[in-house]
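Quick note: the coordinates plus some simple rules give every number you see, no bench work behind them. Predicted, not measured: the structure shown is a model, and the values here were computed from it. Reconstructed Cβ throughout: ideal geometry from the backbone, glycine too, with neighbour counts over all protein chains shown.
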Amino acid sequence: MTFAFDLNGKAVSGDDGSVLLIDFLRYQLHLSGTKAACREGDCGSCQVLVKSPAARMFKAMPSCLMRLQDCQNCQVITIDGLPKNNPLITTLASSGASQCGYCSPGLTIGLINWLLNGKALSETEGASFINANLCRCTGYMGQKRAIKAIGEEYSHLLLSAEDRVAFLQKVNVLPKIVVHAYHQNTTPAQSPYYAQVQNKSAAILAGGGTDLYLHNKPSENPVISLLKTGEDHVVRMSDDCVSISALHPIQLVADTIDTLACLPAFSSFNHWFASLPIRNRATLGGNLANASPIADGICFFMALDTIIETNLRQVPIGQLFSGFKQTDLSLNEVITWLHVPKSVTRDYIYFEKVSRRGTTDIAVVNCCGRWQITDNNVSRVALVLGGASPVPVRLTSLENNLLGHSLQESIEELVDTHLDAAISPIDDSRGSKVYRRLLAKQLLLSQWESVKEKANHA
Amino acid sequence: MHNDSELHFSGQSTFVDDWPLPETTLYAAVFVSPIANGLLKSIDAQKARAMPGVKAVLTAADIAGENQIGEIMPDEELLATKNLKFIGKPIALVLADSPATAQQGAQAIEIAYDELATEFNVRNAYHNNMTFGDERQFTKGDTKSAFEQAKWVVSGQVSCAAQEHLYFETQISIAIPVDKDRLKIISASQNPSAIQKLAAKVLGLSMNSIEVEVPRLGGAFGGKEEQAKPWACLAALGAQLTGHPVKLALSRQQDMHWTGKRHPYSADYRIAADETGRIQAYDVKFLQDGGAVADLSTAVLERTLFHATNAYQIPNANVKAVSCRTHHPSNTAFRGFGAPQAIFTIEAAIDHLACAMNLPRWKIQQKNLLQPGYRFDYGMTVQTDALQNCWQQLFKHKKIEMRLADIQKHNANKPRYIRSLALTPLCFGISFTATHLNQASVTVTIYTDASIGVAIGAVEMGQGVVDKIAIIVARSLGVSVKRVRVDFTNSSKSPNMSPTAASVGADLNSMAAIKACEKLKLRLVDFSNTFYGVDLSPETNFENNAITWEDLVANAYLQRINLSEHAFYATPDLYFDRVKEQGTPFSYHVYGVSAIESTLDTLLGTYHIDNVDVVYDLGQSLDTIIDLGQMEGGLVQGIGYATMEEIRWDEKGKLLTDSFATYKIPDLLSSPQISVDFIDSPSNPHGPFSAKAIGEPPLLLGLGAFFSISDSIRLFNKTAPINYTLPLTPERALLALYS
């Protein structure tokens, strides 16, 4: 597949769109400022800024998990395209946020991404924007000093700026390239790749490719990218459902849900789900179709009684998964929408996961609960555990026995009675069987703590 | 601050992988042993050789010189001939016209082998006499009678796991053939001269045929001291045999699978105290997992011996240590170099004692802190009261007792989130324990345009050695630091370099630089006295002098004054007698104390290291931002080692945690707030301008994270078993909370 896009203000094009963007930059164009440390989207070193014609703003994305075909018609800015004598870099350099320097270009891009997309430009927000920029040298205090200094220098100016890109171009932080106007995107049926799905043969269907490109080396298989970058049709509200696009980047979904205030629990889910550059690529459809037992998306949406819509049918989410990393999706089937019944969005929803590091880490066990409390008793509950069985499981027996349970009482005995038979954890590099089993129980107790705390505050 | 910072943040600093390559360059892939122990019977590279784009497949038979890169012991072939000792042992080298083709070629190689029994347990290895070198022993006083007479005696076992360096730049080398028999190697190595020496040996050339250059490293932490060697030598071999430039870069997974880690240790301790908590005796035996080949293991082991009693005075000590051979990839240098395992062990022993005596751990630590005049078991004497000062300043300025009381109050009702604060005092010896490595040579050159170039025998890897040398040279010559530029490290410009390691790169090279500058300056002052008839003093600052630096240099050149000076520094008075195990192995000690506060979620076993306060005896800092960065970064690396960084192998020795996704290092949100006070103690004759080293010690100050969390575990579960196993992962924490 051919590719054509705008790189640092210049048109680039070619025949082999399957090449990874990082390799194209470093080894074909010799733009070696962009560094590759992990090549799996986990370190943030290779971030670049990407704006698709259907997006309003540049977003930081991992160039190691993007093929050139994914950049089609986009504008890409890399570290090598930034203006010289960049005042942001001068501020950064005096903070002590750099030692060996390998992660530094990615940090610069990450901070510009913050200045472009941050809502508050506070220190806390800055930390959440660059948390995925791992560093083995500094211990991150320099990064914290940099956030503070840059926030102080730019936040007032930017929060009042009508056009942040134009402002940052004016002060020499961004290159003075002509930025494409925002075009409302196409509807699903008109998506350029959607038609190809119908005639799919050896090609692989991908969302943002953030998992696929880890294992699938360039040019082995044609990939049909289903990712939609347009900013309309991301979330639809109807009388009985909140419908969420499965094909848009998760961060865009989160921002849209936030604006509509239709599913407050999603923002906490989003905080724990991967890093920002990954969320700018990954889709809920991809997270679901991967069918990993620790997929946060499956855990969360199972607890919400979500109906999955594909191009062929509608199916309750629980019926989609047939085994470890297996779905019953047919060859040409694409997950397009997640329909969350409106009735459940008013319940108290609590998503929690435990991983080795906490943030930007894959869960050992995750848990989502949906609770309705009436007169201090459980009147409705849904509980899902991920990472404790080949597929995330709904704990129906425990749920049934929790109905009518008083907030004054412990649930430990009920958990002990009903949990063990419902799960079948395994040993792997993230945790042992014994640990997973105990953790599953503790996460359920933590649900209960959270429900009680919520009730106390209500 | 780091002069390179702006280059780094704008992506303009050149690393080995960024080096422009000639079009004729071939790309190398390494075919390695898929098994941890076995005998190689045959190699079939026919399919690989037949692949389009593959130019050559090389094996041990193609080596013109000696197939040997072991230094401490000759036990490491460059390419295996018969014995396959670990997963990742190089067997063949594939050279192709693209990196992808080379990798495909390597995958097409087939071998036949007999698999042999493997050993990954260090205790079993020890009992089966699988060791490197003899057991070493340091002794002081009479432990036998001290244990008999002591009021309190506790004993137990400690286990320290491996740690992955996770430098961001993976192992990489480029070899470029020049003339008939010359080679230029550009390598990401902390040890350019060793690469020069070994490449010459493997290629059958003399050292003067090989030039090794290191622009800078994208992190190393010890992982590129020995373990950059095979890849550089293989690239050189490929270049020699094909006549093409060769680039060899490991992928992240290859790097994690094939290269060594921090040494796992297993230790048995016994400690005795009187009724007041004064330590009477300490008996410890360390078993080190050296991995499959010797590498630096015995040197690492030696530092374990030196730091076995950490920052405490112990009248009777008996310290034994032995390096054992297993079938893991050879473990290697890692910031701290054997000291973390030693210091964790004594801190664990003291913790155990505190539990038994029902005393706060810090009171036992405080009671036994080193005092001036104390003689270590290896013969050196404590010179200063710096440790006591650090401890007192920490308590006073960071309000430790008040915070401990607050925490106690917070924990009184057994809340879900329990907090704890742990103290770690530190004494760390500065110098290579291999005495002969304590040398450096530096050349300072003033060019005719008055700019200054410096060739040093140290490699920049983020620690700021280049900046420190520039500051030293500028100060010594009396010019602005803007005039000074330190060259990329080059084996021809700075011959016979020691590795940049042991926290002494800045010390050794600065001392040599000062000598060179003093000679240069004296010469220029003499010249100006004669030439201008002005009486300049050696303290002259040329930036505000009537005679400008440019003018002086221009005239000196015309008058044929030598504007370049080479100087050599060897740390004086170092020696160590390995028969008596006595001597002066260190030029000085550094001291510091950390307080690490954490919060443990007793429901889920997750924790957060909230804040760290440190007081450190830094002498006179050359650059506070650089030194602060070393402290903050080292602490977080140490905290990672103590908490979340965990390596897992399967039963065949195959690494399971082989990516950033499964091997987790701290990120910004999981890292603590850090507050550092540097004590600027007056004079240190062994450091440049009275500065002191700071490379490795900060990592050790992070070990307290373990005790901070384990204190909280015990507050929640009084019957939790005492299990001194690093790292204290959320998994271990939760299982202990509910055991």
Less than 12 Å apart at the alpha-carbon level, and either on another chain or at least 8 residues along: which aspartates and glutamates does that give for B:Lys47?
B:Glu110
Please compute the contact order of chain B in relative form: average sequence separation of alpha-carbon pairs under 8 Å and at least six residues apart, divided by the residue count, as a percent.
14
With no solvent term and unit scatterers on the alpha-carbon positions of the protein assembly as shown, Debye gives log₁₀ I(q)/I(0) at q = 0.06, 0.10 Å⁻¹ of -0.51, -1.47
For the residue pair A:Ser160 and B:Asp449, what label-to-label distance in nm results when each label sits 7 Å from Cα along the Cα-to-beta-carbon direction?
4.5
About the Cα centre, and with charges only on the beta carbon of Lys, Arg (+1) and Asp, Glu (-1), how big is the dipole of the protein assembly as shown? Nearest 20 debye, please.
380
What number, rounded to the nearest 500 deg cm²/dmol, is the helix-based mean residue ellipticity at 222 nm of chain B, given -39500 (n - 2.57) per DSSP H run of at least four residues and division by all its residues?
-9000 deg cm²/dmol
How much space per residue, in cubic angstrom, does the convex hull of the C-alpha atoms of region B:453-501 take up?
76
With the alpha-carbon atoms as the only input, what is the per residue convex hull volume for region B:53-163 in Å³?
187
Can you give the % of DSSP beta bridges in the protein assembly as shown that are antiparallel, to the nearest 5?
80
Computed over region B:439-570, the relative contact order (Cα-Cα under 8 Å, seq sep at least six) in percent reads 37
Cut-off under 24 Å on the C-alpha distance; same-chain residues fewer than 8 positions from B:Lys396 excluded. Which lysines are left, in chain and number order?
B:Lys363, B:Lys367, B:Lys409, B:Lys692
Multiplying the sequence separation of B:Arg278 and B:Ser564 by 0.36 nm and subtracting their Cα-Cα distance, what value in nm do you get?
97.3 nm
Is there a quick way to get the dipole size of chain A? I mean about its Cα centre, with the Cβ of Lys and Arg at +1 and of Asp and Glu at -1; what is the value in debye to the nearest 20?
1060
Using the alpha-carbon atoms, what tilt in degrees (0 to 90, nearest 10) does helix A:433-457 show relative to the longest principal axis of chain A?
90
Simple spin-label estimate for A:Ala120 and B:Tyr575 in nanometres, 7 Å along Cα-Cβ:
6.5
Determine the dipole magnitude for region B:439-570: charges of +1 sit on the beta-carbon of Lys and Arg, -1 on that of Asp and Glu, nothing else is charged, the reference point is the Cα centre, and the result goes in debye to the nearest 20.
220
Set of lysines near A:Lys433 by C-alpha distance (under 17 Å), chain-local residues within fewer than 8 positions excluded
A:Lys353, A:Lys441
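Given the Cα-Cα distance of B:Met130 and B:Gln620 and 0.36 nm per residue of separation, how much length would full extension add, in nm?
Extra length available between B:Met130 and B:Gln620 comes to 171.8 nm.
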Rounded to one decimal in nm, the spacing of the 7 Å Cα→Cβ label points at B:Gln149 and A:Ser450 is 6.0
Looking at this model, which pairs from A:Lys59/A:Lys176; B:Lys140/B:Lys261; B:Lys89/B:Lys652; B:Lys285/B:Lys580 are more than 20 angstrom apart at the alpha-carbon?
B:Lys140/B:Lys261
Please compute the contact order of chain A in relative form: average sequence separation of alpha-carbon pairs under 8 Å and at least six residues apart, divided by the residue count, as a percent.
11
Sorted by mean Cβ packing within 10 Å, highest first, what order do the peptides B:307-313, A:13-19 take?
B:307-313, A:13-19
Can you tell me which of B:682-688, B:399-405 comes out highest on packing, and rank the rest after it, using the mean Cβ neighbours within 10 Å?
B:682-688, B:399-405
Would you mind getting me the FRET efficiency between A:Leu312 and A:Ala203? Use the beta-carbon distance for r and R0 = 22 Å, nearest 0.05.
0.80
Please say if region B:439-570 is rounded, prolate or oblate, where rounded means a/c under 1.5 for a ≥ b ≥ c the square roots of the C-alpha gyration tensor eigenvalues, and otherwise the choice is prolate for a/b larger than b/c and oblate otherwise?
prolate
Of the peptides B:5-14, B:643-652, B:698-707, how do they stack up when ordered by the mean number of other Cβ atoms within 10 Å, highest first?
B:698-707, B:5-14, B:643-652
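Please give the net charge around A:Leu398, taking every other residue with its beta carbon less than 14 angstrom from that of A:Leu398, where Lys and Arg add +1 and Asp and Glu add -1.
Result for the neighbourhood of A:Leu398: -1.
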Looking at region B:439-570 only, what percent of DSSP beta bridges run antiparallel? Nearest 5 please.
80
Near-label residues of region B:451-494 by backbone N, under 19 Å of a point 7 Å along Cα→Cβ of B:Arg182
B:488-494
Dipole of chain B [Lys/Arg +1, Asp/Glu -1 at C-beta], most positive-end residue of B:His608, B:Leu404, B:Leu635
B:Leu404
Long pairs among A:Lys35/B:Lys664; B:Lys197/B:Lys515; A:Lys454/B:Lys414; A:Lys452/B:Lys664, criterion Cα-Cα beyond 24 Å
B:Lys197/B:Lys515; A:Lys452/B:Lys664
Here the whole-number average of other chain Cβ atoms within 10 Å per Cβ of A:27-37 is 5
For peptide A:434-440, how many partner chain Cβ atoms fall within 10 Å of a residue's Cβ, on average?
4
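Going by C-beta contacts inside 10 Å, put A:Phe300, B:Phe31 in order with the fewest on the left. Don't skip to the answer; put the middle values down first.
Details: A:Phe300 33, B:Phe31 24.
Sorted ascending by nearby Cβ count, the order is B:Phe31, A:Phe300.
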